[in-house]
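Trainee: The structure under discussion is supplied below as structure tokens; questions concerning it will follow.
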Amino acid sequence: MRVRTRFWLLAGIRWLSTGLIVPVAALLPLERGLSIAQYGAVAAVQGVVVLVLELPTGGFADAIGRKPVFLASAVVCVASYSVYALAHTPAAFAVATGLAGVYRALDSGPLNAWFVDAVHATTPPADRTSVVARGLAGYATIGGIGIATGAILAAGLVAWAPLGRADALALPYWVAIGLTLLQIVAALILMDEPGRSGRGRLGASIRATPRTIVTGAQLVLRSHVLAALMGVMLLWGFGMIAFETMTPVRLAELLGDRDSAASVMGPATAAAWGVSAVGAALVPVMLRRWSMVAVSVALRLVQGATVVAMGLAGGPVGVVVGLLATYAVHSAAGAIHETLLHERVGPEHRATVLSLSSMAMHPGGSLGLVVLGAVATDASPGAAMVVGGIVLALAAPLFLVRDGKGRGAATAGPPMLDHDGGTQPAGDAVEARHD
């Protein structure tokens with residue numbers, strides 16, 4: 001089976017389980033007695049945990065390998081979902097979101113880094129960028145389809161509710177646990193690690209992790225472009241709370257019932273991720289006409305505007321239409337952003353830099369949960385969406401940042417570490433392919 005096919009299959013299983021919980025993740029704690037502000041504070045625990053663990057887990061993936069870290073993430077995911085489904089107090093939900101932070105820290109990078117490693121090991125240098133871009137765009141498309149399918153299943157499960165209405169919102173979590181166990185089995189069978197012979201000794205890998213973290217961080221600190229791309233993720237993480245978390249809250253406010261909001265969110269999320277999958281599939285078409293930087297700027301501005309429109313909408317139909325427009329550009333923007341990151345790092349630090357990117361996103365999300373949760377409580381969920389949309393749009397100019405030699409996000413090859421820990425250009429071959 002081709003590497004890309006295995007990559008997409010694993011992505012489909014991984015995001016199908018996520019799709020199951022997206023429509024109910026905010027509604028379940030609210031149904032069990034938490035206020036919006038309490039939920040925001042509890043959910044922020046995830047971002048704090050990710051902030052602490054992102055670099056160690058990313059460095060560990062670079063040192064010991066992608067597969068064991070990806071498997072560990074799935075095991076912790078099962079624990080998180082189990083606690084979340086059983087929680088009835090703020091403390092219990094905080095434990096669940098803390099475990100989710102561990103899971104997300106472990107999960108942010110190893111699967112994608114494994115795919116890019118395999119492409120670089122088997123593809124001529126001149127073709128690598130296009131192959132990686134197509135693979136990551138396909139990943140986003142498959143992920144969108146998986147989330148859409150999971151959301152539809154979640155809506156059906158909530159409506160079915162064989163154990164009674166009190167447990168209706170928890171049922172998708174139990175099904176997601178079963179899918180995550182399937183993900184573990186699939187990863188054991190499908191993932192291999194080209195070029196990692198001699199790196200399997202646990203002790204040596206642990207000792208190599210700190211150095212991997214330091215050198216990966218140096219790449220970002222010494223590159224204006226990489227630092228700007230991290231800034232994009234910080235603002236994106238904040239803004240995503242506006243449409244990921246606040247949409248079901250806004251619908252519950254407009255519809256007057258959380259179960260009704262969950263039933264609407266199921267098909268709405270499915271449609272949104274379906275549209276998102278189409279948008280991601282169009283990435284190669286867009287990049288044939290415009291540069292990655294131009295497309296990235298445009299997509300961030302469009303997404304910010306659509307989130308603001310969701311906050312100003314006067315009814316549930318307007319919110320759902322705005323959600324579809326928001327997700328039409330969501331996965332496409334993510335695929336291009338990740339391609340820009342991969343272009344600027346080598347295989348020795350790929351997972352570390354992806355972890356740094358996620359490290360920027362999750363604290364942004366935690367700050368968004370606290371700030372937008374407070375705005376939603378004191379003003380309205382609509383006002384919180386407007387604030388989040390503005391912050392999303394503020395990320396657009398960061399794609400125009402250039403390094404000291406005037407090279408932008410899509411015009412320079414990966415900075416490579418020299419023996420003293422400094423950086424040096426990787427050459428002009430990659431640059432020429434993006435002119």
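Trainee: Leaving out ligands, DNA and RNA, and with a 1.4 Å probe, what % of the accessible surface on the stretch 66-189 is carbon or sulfur?
Mentor: Heavy-atom surface of the stretch 66-189 belonging to carbon and sulfur, 1.4 Å probe: 76 percent.
Trainee: A further question follows. Calculate, in nm to one decimal, what LEU181 and THR122 gain on full extension: separation in residues at 0.36 nm each, minus their alpha carbon distance.
Mentor: Full extension of this stretch gives 18.2 nm more.
Trainee: Moving to a separate point now. When you count, for each residue, the other Cβ atoms within 10 Å and take the mean per peptide, how do 77-88, 365-376, 242-253 rank with the highest first?
Mentor: Order by mean packing, descending: 242-253, 365-376, 77-88.
Trainee: With a 10 Å radius around each residue's Cβ, average the other Cβ atoms per peptide and rank 353-362, 137-146, highest first.
Mentor: 353-362, 137-146
Trainee: Suppose R0 equals 25 Å; then what is the FRET efficiency for ARG2 and ARG288 from their Cβ-Cβ distance, rounded to the nearest 0.05?
Mentor: Working from the Cβ atoms, E equals 0.60.
Trainee: What number, in percent, do you get for the relative contact order of the stretch 1-102 if the mean sequence gap of Cα pairs under 8 Å and at least 6 apart is divided by its residue count?
Mentor: Relative contact order, the stretch 1-102: 34 percent.
Trainee: What's the ranking of 311-321, 19-29 by average number of surrounding C-beta atoms within 10 Å, highest first?
Mentor: The peptides rank, most packed first, as 19-29, 311-321.
Trainee: I've got another one for you. Pop the C-beta distance of LEU255 and ARG32 into the FRET formula with R0 = 22 Å and round what comes out to the nearest 0.05.
Mentor: Computed FRET efficiency for LEU255 and ARG32: 0.70.
Trainee: In the stretch 299-404, what percent of the accessible surface is made up of carbon and sulfur (1.4 Å probe, ligands and nucleic acids excluded)?
Mentor: C and S fraction of accessible area: 75 percent.
Trainee: Given the protein chains as shown and a 1.4 Å probe, how many square angstrom of THR57 are accessible, to the nearest 10?
Mentor: Near enough 20 Å² of accessible area.
Trainee: Between VAL321 and THR377, how many nm apart are label points set 7 Å from Cα along the C-beta direction?
Mentor: 3.3
The values are calculated or read from the model by the stated rules, or taken from the named source; none is laboratory data. Predicted model, so just to flag it, every value in this text is computed and none were measured. Glycine also receives a Cβ, built like all others from the backbone with ideal geometry; neighbour counts cover every protein chain displayed. Only protein heavy atoms, including side chains, enter the accessible area calculation; ligands, DNA and RNA are left aside. Shrake-Rupley method; radii C 1.70, N 1.55, O 1.52, S 1.80 Å.
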